[in-house]
1. If I go through the range 162-184 residue by residue, how many of them are part of a helix (DSSP H, G or I) and either buried (at least 23 other Cβ atoms within 10 Å of the Cβ) or within 16 Å of the ligand (Cβ to nearest atom) (or both)?
2. Inside the range 82-126, can you point out the residues that are under 23 Å from Phe199 (Cα atoms), among the aliphatic types (A, V, I, L, M) and in a loop (DSSP other than H, G, I, E, B)?
3. Give the number of residues within the range 80-99 that are in contact (Cβ under 8 Å) with a residue 12 or more places away in the chain, within 15 Å of the ligand (Cβ to nearest atom) and either surrounded by fewer than 20 Cβ atoms within 10 Å (Cβ to Cβ) or on the phi > 0 side of the Ramachandran plot (or both).
4. With the structure loaded, tell me whether Ala69 is within 14 Å of the ligand (Cβ to nearest atom), free of Cβ contacts under 8 Å to residues at least 12 places away in the same chain and within 22 Å of Leu36 (Cα to Cα) or whether it fails that test.
5. Do we have Ala77 as within 20 Å of Ala16 (Cβ to Cβ), open to solvent by less than 40 Å² (accessible area, probe 1.4 Å) and touching a strand residue (DSSP E or B) at 6+ places or on another chain (Cβ under 7 Å) here?
6. Of all residues in the range 37-66, which are more than 8 Å from the ligand (Cβ to nearest atom) and in a helix (DSSP H, G or I)?
7. When you look at Val3, is it more than 25 Å from Glu116 (Cα to Cα), more than 12 Å from the ligand (Cβ to nearest atom), open to solvent by less than 30 Å² (accessible area, probe 1.4 Å) and assigned to a strand (DSSP E or B), yes or no?
8. Got at least one residue in the range 42-51 being under 18 Å from the mean Cα position of the chain (by Cα), open to solvent by 60 Å² or more (accessible area, probe 1.4 Å) and more than 22 Å from Asn141 (Cα to Cα)?
Amino acid sequence: MRVGIIGSGEVAQALAGGFLKYGHEVTLGTRHPDKLSEWQTTHPKARVGSFADAAASAEVVVLSVKGSAASDALRQAGIGNLTGKVVIDTTNPIADAPPDHGVLAFFTSLEGSLMERLQREYGAARFVKAFNSVGADLMVNPQLKGGPPTMFICGNNDVAKQVVQGILDQFGWETADMGTAEAARAIEPLCILWCIPGFLRDEWSHAFRLLR
Ligand SMILES: NC(=O)c1ccc[n+]([C@@H]2O[C@H](COP(=O)([O-])OP(=O)(O)OC[C@H]3O[C@@H](n4cnc5c(N)ncnc54)[C@H](OP(=O)(O)O)[C@@H]3O)[C@@H](O)[C@H]2O)c1
């Protein structure tokens, strides 16, 4: 697959590494390509360009920017470059405030998620929430004592979710489909829960698993 990643931070780089590992073509999108020169040296098969470059050639788009910048970044990527495409939304609506006893603040409420906002604004794209509730270091083939963890996903398009499930299979995850975009109201706050042991005890090596 041709994968275009909108973003160049920890998540973008971790997922880019995973896609390259499995033979996909990767373009990393950033406003500042120069800062990726070292990364480009260690990942010669990847391309680096603008947000629009990343989205234009992609079959699957990955959105990995600061939550408050998500809408702007998609606008810069170009609405036409997103039409009909799967957009894997890794973002979290984290507010610009310090954690309170290890608990992050969000700029959304439980009545509406960031992904629903984005899906409304970019109606021709097929958003799937994924990879938001685990640290970047564990996104690709996590090795945990408890076995493969569960990635909670949601989105309005079943075919798009099947594409994302295929990627999650490659990356060593079990997938739990929680339904339509509204489920992002529950999946985005899993990030808050995931971060608590990190902020309180500097423990960051865990992931969620759904037991039946
Ligand atoms: N870090 C994690 O372990 C983790 C885990 C799960 C989910 N997440 C979520 O995944 C997303 C990415 O996280 P991250 O830690 O990799 O990176 P981040 O530091 O949250 O964001 C960095 C990216 O945001 C872009 N950005 C920042 N301000 C912008 C603006 N005003 N307009 C357009 N783009 C802007 C930057 O673009 P440039 O490249 O142009 O500078 C950069 O690519 C976040 O929403 C985060 O909550 C993070």
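1. 4
2. Within the range 82-126, Ala95, Ala97, Leu104, Ala105, Leu110 meet the criteria.
3. 3
4. Criteria met by Ala69.
5. yes
6. Passing the criteria: Ser37, Glu38, Trp39, Gln40, Thr41, Thr42, Ala52, Asp53, Ala54, Ala55, Ala56.
7. no
8. no
The values are calculated or read from the model by the stated rules, or taken from the named source; none is laboratory data. None of these values were measured; they are calculated from a predicted model. Reconstructed Cβ throughout: ideal geometry from the backbone, glycine too, with neighbour counts over all protein chains shown. For accessibility, only protein heavy atoms count, side chains too; no ligands or nucleic acids. Shrake-Rupley method; radii C 1.70, N 1.55, O 1.52, S 1.80 Å.
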